[in-house]
Amino acid sequence: MEKKKIVIVGAGFAGLRLARKLKNNPNFSITLIDRYNFHQFQPLFYQVATARIEPSNISFPLRKVFQGSNNVQVRLAEVTGINKDKNEVETTIGDFSYDYLVLANGCTTNFFGNKQIEELTFPMKSTDEAITLKNRLITNFESAYSATPEELEEIMNIAIVGGGPTGVELAGAIAEMKTKILPKDYPDFDFSGLNIYIIEGGPNLLGPMSDASHKKSREYLEELGVNVWTEGRVTGYDGKILSLADGRVIKTKTVIWGAGVTGNVLEGTDKEILQRGNRLSVDRINRVKGSDNIFAIGDISYMETPKYPHGHPQLANVAINQGLNLAKNFIALGHGTPIENWTEFEYADPGSMATVGKFRAVVDLPQFSFQGLLAWFTWMFLHLMLILSVRNKLFIFLNWMQSFFTDDTSIRIITRPTKKDYKHNIKDYRKFPKNRNKVEA
C-alpha cells in the first residue's frame, strides 16, 4: 500500500489517541495540527483555576509524546478552513494536503450569541482560561483590602453559571478555599461574607446523572455553603450585575460561564450536516456524512446509534474510544481491508462521576450509584489513571496528598503574560500569511 497522508486537526483526547495508535505505522504519514503545542487534561481545569495543581501537571508537550516517531509531524497553527475539492486543510501557516482528514477539534464555550456575556465572563475550556480564572480569583482576594463597600460586595460574590460536572466541581473547590485556605492566607480579613452561587437552567445539578446523584450533589454543595439556584436562566451581565429571567440579580465582578458548548465548525463545512450544538453528523465509522475521506471524532461528532439515538455524550471516554476505533480501522485499511468492511463504533458506557470536595463525590455505574468517601477515592483513582505520563501522575498525586493532609496548597501565584510575550510569541503563529503556501504533510 502506498503511504497515505492523514491530517488530524486537534490534539484532544480523540485526536491524540488516534495519533498515538498510528505512531510508527509504515502505511501512514500523520500530521497533527493544534493551536497549542501540548495536550490538555480538561477534567482537572477546575483544580488549576483554584490553585490546587500546576498547569504543567495537566499539560503534555506533543513533541515529547511523539519523540522517536518516524511518521508523526506536529504543527502549531490554527485551522481556518477545509478545501474539500483540493483535499487540503487551510491553516495560519499554510495549506496541508491529505488523503484522509480527521476532525478532532472539539467544542468551545457556548455563549448563545450574547456578546456582552462572552466579553465579560470567564469560561474554562483551556489551560489558558483556567489560569486566567485563577488570576482573577486571587486578584479579587488581594483587592478586597482596598475596596469600597460597593466594590467589596461585587468581589465577595462569585457566580458559576452551569450545573454540570465543571460547575459543580468548581463550586465545591472554591467553597473549600473559603473555609480552609483563605483564612490562612488572609488572617486579618473576614471571608465569612464570601458568597458562592451556582446557577443551573434545569431542575437538577448534573442533569444526565441519576436522581441520587442530583440530590446528593446539591446536598454536598449546600453543606459547603454554596447557594444553589436551579431553573435559573441568565439573561444578562454588564460586568457588575448578573440578571436572571425570574428577576433575581447578583452583584458580582466574577461570573464563571459553563452553561454549554458548541462545536468548532470550520469554513468549508457543509451546513446541512450540522446537528444540535454544531456537531458534525457522522456514520457508524465516524465518517462525516456526504464525504468519502473526512472523519470526525470526539465532541465535534454526532453519531446516532440504537443505544444513543440522540448522539453520544460529550465525554472524554467517548472521545478516547472513537479515536481507538478509528485507529483500528485505519490499521485494517493498511492491511487491505476496504472501508466498507470497517468496524462500526459502539460505546459501552462505564458510568459517570463528579467530585464536590474532600470526601464528597457521586458515581453512577451502569447498574447502581454510590456517593461519599468511596466515590471520592474512585474519582481520584480513575482520573489519576487517565493522566498521560508517569511524571504528571506523580506530581498530581503528591499535590493531592499535600492537600489531603494539610487542607492547603502552595501555588497561589498570580501570573500574567507580558506585552512583549503577547506581541512577539502568542500572536505570531496566528498571523495569516499574505501568500498562503502549500505545505507537504
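One table, with the values for the structure above:
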{"quantity": "Filtered residues of region 237-265 (kept if of a type in the set (A, V, I, L, M, F, W, C) and within 19 Å of the chain's Cα centre (by Cα))", "calculated": "V255, I256, W257, A259, V261, V265"}
{"quantity": "In region 64-87, residue surrounded by the fewest Cβ atoms within 10 Å (Cβ to Cβ) [restricted to those that are farther than 11 Å from I33 by Cα, in contact with a Leu (Cβ under 9 Å, 6 or more places away or on another chain) and of a type outside the set (A, V, I, L, M, F, W, C)]", "calculated": "G81"}
{"quantity": "Residue in region 367-382 that is more than 25 Å from L224 (Cα to Cα) and in contact (Cβ under 8 Å) with a residue 12 or more places away in the chain present", "calculated": "no"}
{"quantity": "Boolean, I53 is among the hydrophobic types (A, V, I, L, M, F, W, C) and either over 28 Å from M124 (Cα atoms) or at pLDDT below 95 (or both)", "calculated": "yes"}
{"quantity": "Residue within region 208-217 that is part of a helix (DSSP H, G or I) and either among the hydrophobic types (A, V, I, L, M, F, W, C) or within 23 Å of E129 (Cβ to Cβ) (or both) present", "calculated": "yes"}
{"quantity": "Some residue of region 346-358 being open to solvent by less than 50 Å² (accessible area, probe 1.4 Å), of a type in the set (F, W, Y), in a loop (DSSP other than H, G, I, E, B) and more than 27 Å from F111 (Cα to Cα)", "calculated": "yes"}
{"quantity": "Unmet requirement for G202, which otherwise passes all of (1) in a strand (DSSP E or B); (2) surrounded by fewer than 20 Cβ atoms within 10 Å (Cβ to Cβ)", "calculated": "(1)"}
{"quantity": "Residues of region 219-249 satisfying the condition of being closer than 18 Å to L170 by Cβ and in contact with a Ser or Thr (Cβ under 8 Å, 6 or more places away or on another chain)", "calculated": "L224, G225, V234, Y237, L242"}
{"quantity": "Residues that are part of a loop (DSSP other than H, G, I, E, B) and of a type in the set (G, A, S), drawn from region 308-321", "calculated": "G311"}
{"quantity": "When residues of region 1-32 are limited to those that are closer than 23 Å to E90 by Cα and touching a Ser or Thr at 6+ places or on another chain (Cβ under 6 Å), the one most open to solvent (accessible area, probe 1.4 Å)", "calculated": "K3"}
{"quantity": "Counted residues, region 89-134 - those being more than 17 Å from the chain's Cα centre (by Cα), open to solvent by less than 20 Å² (accessible area, probe 1.4 Å) and under 28 Å from A316 (Cα atoms)", "calculated": "8"}
{"quantity": "Residue within region 292-307 that is touching a Leu at 6+ places or on another chain (Cβ under 7 Å), open to solvent by 10 Å² or more (accessible area, probe 1.4 Å), free of Cβ contacts under 8 Å to residues at least 60 places away in the same chain and not in a strand (DSSP E or B) present", "calculated": "no"}
{"quantity": "Any hit, region 167-184, residues being open to solvent by 30 Å² or more (accessible area, probe 1.4 Å) and over 27 Å from W400 (Cβ atoms)", "calculated": "no"}
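Here's the yes/no breakdown for (1) open to solvent by 60 Å² or more (accessible area, probe 1.4 Å); (2) modelled with pLDDT of 95 or more; (3) touching a Phe, Trp or Tyr at 6+ places or on another chain (Cβ under 6 Å); (4) among the hydroxyl-bearing types (S, T, Y):
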| position | (1), (2), (3), (4) |
| --- | --- |
| I158 | no, yes, no, no |
| N195 | no, yes, no, no |
| R218 | yes, yes, no, no |
| T230 | no, yes, no, yes |
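The values are calculated or read from the model by the stated rules, or taken from the named source; none is laboratory data. Note that this is a predicted model, so its numbers are computed, not measured. Backbone-built Cβ (ideal geometry, glycine too); neighbour counts: all protein chains shown. These area figures cover heavy atoms from the full protein model, side chains too; ligands, DNA and RNA do not enter into them. Shrake-Rupley method; radii C 1.70, N 1.55, O 1.52, S 1.80 Å.
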